[in-house]
Amino acid sequence: MTKILVIDDEEISRKIICRYLEDSGYETLSASNGNEGLLLVEQQKIDVVVTDIFMPEKDGLETIQELRKKQPNIKIVALSTFPAGALAMADLAGAHQTLSKPILKDDLLHCVESALQVNC
């Protein structure tokens, strides 16, 4: 089963995203910031990371950059409420897919499935 890590400092967003993914057959883990997320990636086999861009402690861009260094083949979907510049920066940092908040279930699933199909 595909395991997806959801990193978002907003608890309600994490819960909604996890529910969408679990309802579609994915296994999920969650973290409230980039530091927690990076620890989980080191401890478990994660197929996809869905991360918010703007978070305290370690933001999504820093998290994406560290993931690229530690696990270059991991798939990444970046989320942001402020899409104009943040999502473009996430692309440059190494995200496979980007999505503007608020998210719709079908859009999230499409991004995750597209990311899983990317060959690194």
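At a 1.4 Å probe radius, carbon and sulfur cover how many percent of the accessible area of the chain? Carbon and sulfur atoms account for 50 percent of the accessible area of the chain. Sum up the charges of everything whose Cβ sits under 9 Å from the Cβ of Asp8, counting Lys and Arg as +1 and Asp and Glu as -1, but leave Asp8 out. Within the 9 Å Cβ shell, the charges total -3. The percentage of C-alpha pairs in the stretch 1-85 whose separation is greater than 19 Å is 30%. Heavy atoms of the protein chains alone define the surface here; on that basis the chain has 51 Å² accessible area per residue at 1.4 Å probe size.
Report, in listed order, any pair from Lys69/Lys105; Lys15/Lys58; Lys3/Lys70 with a Cα-Cα distance greater than 22 Å. Going by Cα-Cα distance, Lys69/Lys105 fall outside the 22 Å limit.
The values are calculated or read from the model by the stated rules, or taken from the named source; none is laboratory data. Since this is a predicted model, take the numbers as computed values, not measurements. A quick note on method: Cβ atoms are made from the backbone with ideal geometry, for glycine too, and the neighbour counts reach across all protein chains shown. These accessible areas exclude ligands, DNA and RNA; they are computed on the full protein's heavy atoms, side chains included. Shrake-Rupley method; radii C 1.70, N 1.55, O 1.52, S 1.80 Å.
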